Amino acid sequence: MRAFEYHRPANLKDAVALAEKKDEGRYLAGGQSLVQAMKLRLSAPTDLVDLNALQDLKALKVEPGAVTVGAMVRHAEVASSSSVLKTLPALAALAGQIGDRQVRHLGTIGGSLANNDPAADYPAAVLGLGATITTNKRKIEGDKFFKGLYETALQPGELITAVTFPVPKRAAYMKFKNPASRFAIVGVFVADFGGGNVRVGVTGAGPCAFRQSEMEQALKKNFAPDSVAGIKVSPDGLNNDLHASPEYRAHLITIMAKRAVEAALK
Amino acid sequence: MSVKVSMKVNGQPVSAELESRTLLVTFIREHLRLTGTHVGCDTAQCGACTVLMNGKAIKSCSIVAMQAEGADILTIEGVAKPDGTLHPMQAAFKENHGLQCGFCTPGMVMNALDFAKSHPNPTDQEVREALEGNLCRCTGYHNIVKSIVAGARAMAAAK
Ligand SMILES: Cc1cc2nc3c(=O)[nH]c(=O)nc-3n(C[C@H](O)[C@H](O)[C@H](O)COP(=O)(O)OP(=O)(O)OC[C@H]3O[C@@H](n4cnc5c(N)ncnc54)[C@H](O)[C@@H]3O)c2cc1C
C-alpha cells in the first residue's frame, strides 16, 4: 500500500473541506473495497478522510412510506433492523446477502454506491425502488446516479449522506451468486408500487446496474412470474468474464426476474 | 505520515505511533506480537485474520489500524482463561476434531464466538452460511460445523 495522510474529521463540513482541498483525497467508510484496492495499488490516494466519526451519517430512519439509510450504516444493521425487516423486508434480505458476515459488519451503503462495482447488490435496489441519493450538495435521482463501470454522478469531493428508498406494496431481490466472492453474477430487484408502477433493477449483468423496461411493461399489465418468463433479453453489451458469458447472463436476468416476482407474491 | 493509535486489545489499553498505512492485522501481529491472528490471503477473502471489534467479527487485514481507534479488540489470545482453561468454543473445536493443520482455526473460532451470541442453538445450515467468509484449505468444514454447533450450545448452557 502506498503511504497516505490519514484524517478523522469530526463533522461533515470539515470532511468535505478536507476532501476538496487534497487532489487525491478519498473518503474512507468501511474500507472493504477501498483498502483492498489500495493494498493492490489499484488505488493510491494521498489522503484518506475517515467518515467513522460522523454520527449524522449513521442514522437509519423508517417512516410509513420511506426508509432512509445513512451513508455510514453497515450492511449488517440494515439486514437485522427489525423496522426495516417489517417495512421493507426485500431491502433487509438484500443487505443480508452481501459478501459474508465480517464484510457486512464493516461495509456501508454509501461506500457501496460510491464505489459502484458492477456486481454490487445495493444498486439493484436503488433502481428497483427508485431511491433518492442525498449528498452534501443535492439530491440525485437513483435513475441518474449510475453512469458506467465504477462511474457515478458524484462530483469530486461530493459526499453521500443518505439514501431514501420508497416503500412498495411488494418487492423481492434474487441474486445468482458468484460462489467464490458472493458478488452478484446477476441480481434482479423487482418492486410493485401498485397502480401500474412496477420497477425492475438489474445488477451484475452489465457495466453498471440498469432497469429492464420490457419486463416492467409486462409486469405492469400482470404482476405474475409468467409475464417475464418468456422475455428473451439481448446479450448485447452484457459482461463477459470467466464466470459467465453475456448469453448466460442474459438468460439469468429472465430466471432471476421470474423468481423475484414469485418471491414478491409470497 | 505517522499517526498515534490507541485501542484496547484483549482488555489491555495499547497505543503506538504507526505509519498511517499500517493494517490492523500488522499492528496486532508485528507491533503487539500477538501472532495467533493469521494472515492467509491478505485480500479479505479467507477470514484467517478475523478478530472481534467491539464484539463483532471483522477481517483485520481489511482495515487500517486507525479504523480501530478507540475500539475494543479481542484476538484469539484473549479467549481462553488466564489459567489456560479453554473457552467452550475452543474446547468444542478440540473435542470435535474441528482442526487439521490449524491455520484457519483462530479466525474460525473468533467468527464462531460472535455468531454464537445470536445463535445459541444453530442449525448446520446457519453455521455454513455464517462461515462464508472463512476458508479452510484442509477442507475440514464438516467437523468445523460440528464444533461450532457444539460450542454454541455449550456457550448457551454456561450462561
Ligand atoms: C470478501 C468481500 C465480499 C464482498 N461481497 C460483496 C457482495 O456480495 N455484494 C456487494 O454489493 N458488495 C460486496 N463487497 C463489497 C462491500 O459491500 C463493500 O463494503 C462496499 O462495496 C464498499 O463499502 P465500504 O463502506 O467498505 O466503502 P469503502 O471501501 O470505504 O469505500 C469505497 C469507495 O466509496 C467512497 N465512499 C465511501 N463512502 C462515501 C460517501 N459517504 N460518499 C462518497 N464516497 C464515499 C470511497 O472514497 C471509496 O472510493 C464485498 C467485499 C469483500 C471484501
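The values are calculated or read from the model by the stated rules, or taken from the named source; none is laboratory data. None of these values were measured; they are calculated from a predicted model. FYI the Cβ positions are ideal-geometry reconstructions off the backbone, even for glycines, and counts take in every protein chain you see.
The helices (runs of 4 or more DSSP H) falling completely within the range A:14-90 that include 2 or more residues that are near the ligand (Cβ under 9 Å from one of its atoms) and closer than 21 Å to residue B:50 by Cβ map to A:34-39. Of all residues in the range A:158-167, those that are within 9 Å of the ligand (Cβ to nearest atom) and not hydrophobic (A, V, I, L, M, F, W, C) total 2.
Within the range A:192-228, being part of a loop (DSSP other than H, G, I, E, B), closer than 18 Å to residue A:143 by Cβ and modelled with pLDDT of 95 or more holds for A:193, A:197, A:205, A:206, A:207, A:208, A:209, A:212.
Restricted to the range B:63-159, the set of helices (runs of 4 or more DSSP H) holding at least 1 residues that are under 17 Å from residue A:104 (Cα atoms) comprises B:105-118, B:124-130. In this structure, residue B:41 qualifies as under 16 Å from residue A:39 (Cβ atoms), surrounded by fewer than 19 Cβ atoms within 10 Å (Cβ to Cβ) and within 16 Å of the ligand (Cβ to nearest atom).
Here B:101, B:61, B:49 are screened, and the one residue that is in contact (Cβ under 8 Å) with a residue 24 or more places away in the chain, away from chain A (no Cβ under 14 Å) and not β-branched (Val, Ile, Thr) is B:101. Checked against (1) within 11 Å of the ligand (Cβ to nearest atom); (2) at positive phi; (3) not aliphatic (A, V, I, L, M), residue A:105 meets all criteria but (2). Of all residue pairs spaced 6 or more apart or on separate chains, those with beta-carbon atoms under 8 Å, a first member in the range B:11-25 that is surrounded by fewer than 20 Cβ atoms within 10 Å (Cβ to Cβ) and a second member that is in a loop (DSSP other than H, G, I, E, B) and of a type in the set (Gly, Ala, Ser) are B:19/A:3; B:20/A:3.
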